[in-house]
Amino acid sequence: MTATAPADEGRLASPRPARAGHSRAGWLAALLVLPAAAWYLVLLVIPLGIIFVFSFGTRAPTGGYIAGFSFDNYAAALENSEPFVTSLTLSISSTLLCLLVGLPLAYFIATRAGKRKALFMVLLVIPFWTSFLIRTYAWLLILGPEGITGFLGDAFGAPRFRILGTEFGVLIGLVYGYLPLMVFPLYVTLERMDRTLVEASKDLGAGRWATFRQVTLPIALPGLITGSILVFIPMMGEYVIPEILGYGQVYTIGSALVLRFLEARNWPAGAAYAAVLILIMLVTITLYLWFTNRGRQTRDVSVL
Amino acid sequence: MSDHSLPAPSSPAVSLAAPRSLGGRARPSINRSGALVEVWLRAHTALTLAFLYLPIVVVVVFSFNTADRVTDWDGFGLRWYEHVLNDRQIQRYFLNSVIVGLATAIIATIIGTMAALGIQRAPRWFRVPFDAITYVSVIVPELVIALATLIFFATTIGRGGIVQGMTGGPEIGFGYHTIVSALALFNISLVLLLVRARLSSMDRTMVEASYDLFGTPWRTFWQITFPQLLPAVVAGFLLSFTFAFDDYLITTFLNGRGTSTIPLYVFSSIRKGVTPATNAVAAIILLVTLTLLLVGQFVLSRNARRVGARNSGGVAGIVTESQGG
Amino acid sequence: MTVSPSVAENSPTPSTAAGLRAGAAGGTRSATDAHPDVELIGVTKRFGDVVAVDRMNLSIPASSFTSLLGPSGCGKTTTLRMIAGFEQPTEGEILLAGRPIAGVPPYQRNVNTVFQHYALFPHMDVAQNVGYGLRQRKVAKAEEQRRVGEALELVRLGGYAKRRTWEMSGGQQQRVALARALVNHPTVLLLDEPLGALDLKLRKEMQLELKALQQEVGITFVYVTHDQEEALTMSDVIVVMRDGLVQQMGGPSDLYEQPRNRFVADFIGSSNFIAGTIASSDGDDRVTISSERGLTLHGRITDRSASPAIGDTVTVVVRPERLEVAAGDAATATGWTAVAGRINQGTYLGDQTEYRVHTDQAGELIVRLQNTMGANIGQSLGPGDPVVVRWREEANLVLVA
């Protein structure tokens, strides 16, 4: 039987076949997206909305929430700015360190690894994949008094020297935990870079450093910024790492949030903290989008 | 590299070109510094990889310690593995972790894949905000999600919540359902991004070729599109499972009676003071996630070889591929 | 594997080709069928504001090798995609074997396509690729195997059934794509620049092979290309398109010898153009033209449907290989046109030598001389040399448009 048999045509022929097909595909698309959209709505949009609403309310005597409209919670949150300063300092310095460590690594894998690129990427994915909690926990063993710290303390005659419970300890944990997320986008941009651009630059008389600074780095910039965003924002709200490696002595936004929500059962106060955190996040993302839309070259690498 | 015969134009290029005319003599020193850079790049890569793997190695090594205290070293042995594997409570935690991991992975894979397929054809007014929310759900700190959903569930299905107020019955409360639904949020987005990256790298003419060869849309999807998406779907499933399996934050805030998972055990024992048993549990968690990764890597790279895809990096390739989408 | 110029002469198993041919003839149409295989009636395709195809009327003869030829963006690929069913015409109607096919999706049209980059399914081996269409139509397993085998023999890939497509060379992938389409005995086979990705030598071989294959199986081929040489080599009929409009349709020699307008004359082969006005006419197609710079030319009007008046502006086209160049002065003989000039540039091209001659009366003329045995003009003429360019009046093609 041939495809153009009259029976088939009779059924399918319609004055505006393309439109009919389109709307059917449209319905199918809607049906496919519906569950995810519902999930986003119920478990992200509404909960964040509730946080926002709660942040203007007051604490009920037994904990929980009484409706209201005041900025007291925000005033209180900003008055006690220590956790914001700590988290910002830690996140910015960790992001810079990730960049410092990640860029040469990504550059090496993208340009020097040759056929072993895939192998190197697997080596990077493994730590990213394995339990975040356990990897952080491992630093407890390494940096503990029986580990490096004790050894260093003995060696330099400073028995009270410690890393755990300090911001430095948390810094190590943050850089360690988020490094792969910085390397992935960097690697992708560097790997896609047209290698002849580097040759062209050298051919035009630019030296190794000049070429890196004037050609490679600008091309890697989108990946660099994406990586920084991917690393910086979660770090701002990080809770597990400071909790484990900070011994509760490093007071971050995460610790402040948990303290208010769970221990003080002061939801409105916690909500205000969360709202400020989300605000910082939105400002960062807006800056990122502004930057990426400014130069079209950055369209290649979007967030994740 | 040998354009010396070109007449030098009177442009800034001349000044750039000038040092090159001395290149004959300057070259050796450039080469020496070049070699130094190469050495440094290699050393840096090696050290960074060592930095990444040191903790993993330490945990595994310490887990074989047979001493009673973490800080002592007695000798190699499986003593604490035995202890841990026979502990009813720990078994229960492991089982809970597997339940949470599997349920999250199944939900996230199905819903995320569906959304990736549908969102391409969605109208722009819907797609743009949907994409924005997808990215937000991936990047927002987990603690924020955990606390926001905690309050959401507490005020709706918790004790004295809206649902109880309306029905008057007992509260629904917290349990697997709260953990899994909150974990699925991030993982749906993860699968969505992985599958969508794969879709966008797929050759659209494959689908046309199938239509051209009498394949109906339904058959075309299952015979042509889906087999090529499969690596991303599998990677998404495995990633979701591991992320849910060893999640601490969301689980700790949203768990109910008897739904504690193994990361909660690890965290509480860190609080109370680690024992060699903690190390054994940690090593087992590492083993589970690593096994999954290796299985995924094996399956995917074999699949990649089979279909001759450009990307033969397995899980790593798919994860990095999605970074560029 | 080696590629021979003609399948018909060297086919190792003539019977398989016969089988496919019989299938094609018996399965899709009878010999007495009066309909052309593909007919486009007033077909227009718009993408937003862009008109890709403009009121196209086209009738593709059964069992012909027809090429749609034109520069990129001329609407040739859109036309092909409308026949295949990937695009729906905005206006007009397409008939396939005499039946309108509006609204029939691609998977229900008895038309198959060879895609530009082959679009072979990477997760299937060669036999699975070739048998794909048959499986969709629920052909029995044994029948499928037999027909796949035949089709592979036809494209001389007999031993390659279990190969992975991505392990094969470009030329071999091309043949798999061809077999995958032909095995279904389509009414029409559509080919979308299928040789574009191959290197020049292989492309030339495949051109001859495709032509031989088409003659052997007798299926109508509709071939899209921007390469005029390719179209001339293979086609029975060439449809020259530009900006969505058909410029001219005809056999290769018709288009070359009787280009109807300047675009066709320029696109197919190369040409010298001399602008002028009609001075007198014999009432039929012979006219006398006086060029802007005072040259008098006699020639034929190529477009019989046009009836220009005395004084109308026309363009005279002369093909470069129809010109002769020699040292000396202009001397007019009856039946010849002659112009004096100076050599601007001579380029040795191996089989021929191309001269660019500056003339006062006709501007710059391109002359191509075959470097036949004993021809030594190449050495004797250099830039600046005074020469005479002359050609027979039959070579003057008068374009009205």
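Go over the candidates C:Arg164, C:Arg156, C:Arg146 one by one and state the one that is open to solvent by 10 Å² or more (accessible area, probe 1.4 Å), within 27 Å of the chain's Cα centre (by Cα) and farther than 26 Å from C:Thr79 by Cβ.
On the way: C:Arg164 fails: within 27 Å of the chain's Cα centre (by Cα); C:Arg146 fails: within 27 Å of the chain's Cα centre (by Cα).
Criteria check complete, one pass: C:Arg156.
Each row is one residue, and each column tells you yes or no for (1) crowded, with 17+ Cβ neighbours inside 10 Å; (2) of a type outside the set (Ser, Thr, Tyr); (3) modelled with pLDDT of 85 or more.
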site	(1), (2), (3)
B:Val128	no, yes, yes
B:Leu143	yes, yes, yes
B:Ala146	yes, yes, yes
B:Ile151	yes, yes, yes
B:Thr155	yes, no, yes
B:Gly158	yes, yes, no
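Scan the range B:186-208 for residues that are within 12 Å of chain C (Cβ to nearest Cβ) and charged (D, E, K, R) and report the count. Quick ask: steps written out before the conclusion?
Restricting attention to the range B:186-208, the residues satisfying the condition of being within 12 Å of chain C (Cβ to nearest Cβ) are B:202-208.
Then keep just the ones that are charged (D, E, K, R); that gives B:203-204, B:208.
Summing the residues that are within 12 Å of chain C (Cβ to nearest Cβ) and charged (D, E, K, R) in the range B:186-208 gives 3.
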Task: Filtered residues of the range C:102-143 (kept if in a loop (DSSP other than H, G, I, E, B), touching an Asp or Glu at 6+ places or on another chain (Cβ under 7 Å) and of a type in the set (A, V, I, L, M, F, W, C)) - done: C:Ala102, C:Val104, C:Phe115, C:Ala119
TODO: May I ask you to list the residues in the range B:207-232 that are in contact with a helix residue (DSSP H, G or I) (Cβ under 6 Å, 6 or more places away or on another chain) and open to solvent by 20 Å² or more (accessible area, probe 1.4 Å)?
DONE: B:Tyr211, B:Thr216
Open item on the list: If B:Leu150 satisfies all but one of (1) of a type outside the set (Ser, Thr, Tyr); (2) facing another protein chain (nearest Cβ under 7 Å); (3) closer than 30 Å to A:Arg260 by Cβ, what's the number of the condition it fails?
Closed with: (2)
Open item on the list: Need a quick list: helices (runs of 4 or more DSSP H) entirely within the range A:207-252 having at least 1 residues that are in contact (Cβ under 8 Å) with a residue 60 or more places away in the chain.
Closed with: A:217-236, A:240-245
Task: So B:Arg257, is it more than 14 Å from chain C (Cβ to nearest Cβ), among the basic types (Lys, Arg), assigned to a helix (DSSP H, G or I) and surrounded by fewer than 24 Cβ atoms within 10 Å (Cβ to Cβ) - done: no
Open item on the list: Of all residues being at the interface with another protein chain (Cβ under 7 Å from one of its Cβ atoms) and open to solvent by 40 Å² or more (accessible area, probe 1.4 Å) in the range B:107-126, which is farthest from B:Arg196 (Cα to Cα)? Just the residue, please.
Closed with: B:Arg121
Open item on the list: Within the range A:57-74, does at least one residue satisfy the condition of being more than 8 Å from chain B (Cβ to nearest Cβ), assigned to a helix (DSSP H, G or I) and more than 30 Å from B:Ile179 (Cβ to Cβ)?
Closed with: yes
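Among the residues of the range B:260-275, what is the count of those that are in a loop (DSSP other than H, G, I, E, B) and either more than 23 Å from B:Phe174 (Cα to Cα) or open to solvent by 30 Å² or more (accessible area, probe 1.4 Å) (or both)? Break it down into steps so the answer makes sense when it comes.
Taking the range B:260-275 as the starting set, the residues that turn out to be in a loop (DSSP other than H, G, I, E, B) are B:260-261, B:273-275.
Remaining after also requiring either more than 23 Å from B:Phe174 (Cα to Cα) or open to solvent by 30 Å² or more (accessible area, probe 1.4 Å) (or both): B:260, B:273-275.
Number of matching residues: 4.
For the range B:72-80, check the following and say yes or no: at least one residue is in a helix (DSSP H, G or I), open to solvent by 10 Å² or more (accessible area, probe 1.4 Å) and of a type outside the set (Asp, Glu). Break it down stepwise before answering.
The first filter runs over the range B:72-80 and keeps only residues in a helix (DSSP H, G or I), leaving B:79-80.
After this cut, where a residue has to be open to solvent by 10 Å² or more (accessible area, probe 1.4 Å) as well, the list is B:79-80.
Of the ones still in play, those that are also of a type outside the set (Asp, Glu) are B:79-80.
Yes, there is a match, as at least one residue in the range B:72-80 is in a helix (DSSP H, G or I), open to solvent by 10 Å² or more (accessible area, probe 1.4 Å) and of a type outside the set (Asp, Glu).
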TODO: Would you list the helices (runs of 4 or more DSSP H) that sit entirely within the range A:77-150 and hold 1 or more residues that are of a type in the set (Gly, Ala, Ser), touching an Asp or Glu at 6+ places or on another chain (Cβ under 6 Å) and more than 7 Å from every other protein chain (Cβ to nearest Cβ)?
DONE: A:82-112
Open item on the list: Checking B:Tyr211 against (1) touching a Leu at 6+ places or on another chain (Cβ under 9 Å); (2) within 14 Å of chain C (Cβ to nearest Cβ); (3) of a type in the set (Ser, Thr, Tyr): exactly one of these is not met. Which one?
Closed with: (1)
Task: Sole residue being at pLDDT 85 or above and in a helix (DSSP H, G or I), chosen from B:Val163, B:Val191 - done: B:Val191
Task: Index of the failed condition, B:Ala304 passing every other in (1) part of a helix (DSSP H, G or I); (2) modelled with pLDDT of 85 or more; (3) surrounded by fewer than 24 Cβ atoms within 10 Å (Cβ to Cβ); (4) more than 14 Å from the chain's Cα centre (by Cα) - done: (2)
- [ ] Would you confirm whether any residue within the range B:51-62 is β-branched (Val, Ile, Thr), at the interface with chain A (Cβ under 10 Å from one of its Cβ atoms) and outside any helix (DSSP H, G or I)?
- [x] no
- [ ] Go through the range C:144-159 and give me each residue that's under 23 Å from B:Thr220 (Cα atoms) and more than 14 Å from every other protein chain (Cβ to nearest Cβ).
- [x] C:Gln145
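Yes or no: the range C:86-97 includes at least one residue that is within 25 Å of C:Glu216 (Cβ to Cβ) and in contact with a His (Cβ under 7 Å, 6 or more places away or on another chain). Even if it seems obvious, please write down each step before you answer.
Here is the first cut: in the range C:86-97, the ones within 25 Å of C:Glu216 (Cβ to Cβ) are C:96-97.
Next, from what is left, pick out any that are in contact with a His (Cβ under 7 Å, 6 or more places away or on another chain): C:97.
So far as the range C:86-97 goes, yes, one or more of its residues are within 25 Å of C:Glu216 (Cβ to Cβ) and in contact with a His (Cβ under 7 Å, 6 or more places away or on another chain).
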Open item on the list: Against the conditions (1) under 25 Å from the mean Cα position of the chain (by Cα); (2) away from every other protein chain (no Cβ under 14 Å); (3) modelled with pLDDT under 90; (4) not in a helix (DSSP H, G or I), where does C:Arg55 fall short? Just the number, please.
Closed with: (3)
Open item on the list: I'd like the full set of residues that are over 14 Å from B:Leu192 (Cβ atoms) and either more than 7 Å from every other protein chain (Cβ to nearest Cβ) or of a type in the set (D, E, K, R) (or both), limited to the range B:133-144.
Closed with: B:Glu142
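Provide a single number: the residues in the range A:184-210 that are within 13 Å of A:Gly227 (Cα to Cα) and within 9 Å of chain B (Cβ to nearest Cβ).
5
The values are calculated or read from the model by the stated rules, or taken from the named source; none is laboratory data. All values reported here derive from a predicted model rather than from experimental measurement. Cβ sites come from the backbone with ideal geometry, for glycine too, and all protein chains shown count toward neighbours. Remember, those area values only see protein heavy atoms, side chains included, never the ligands or the DNA or RNA. Shrake-Rupley method; radii C 1.70, N 1.55, O 1.52, S 1.80 Å.
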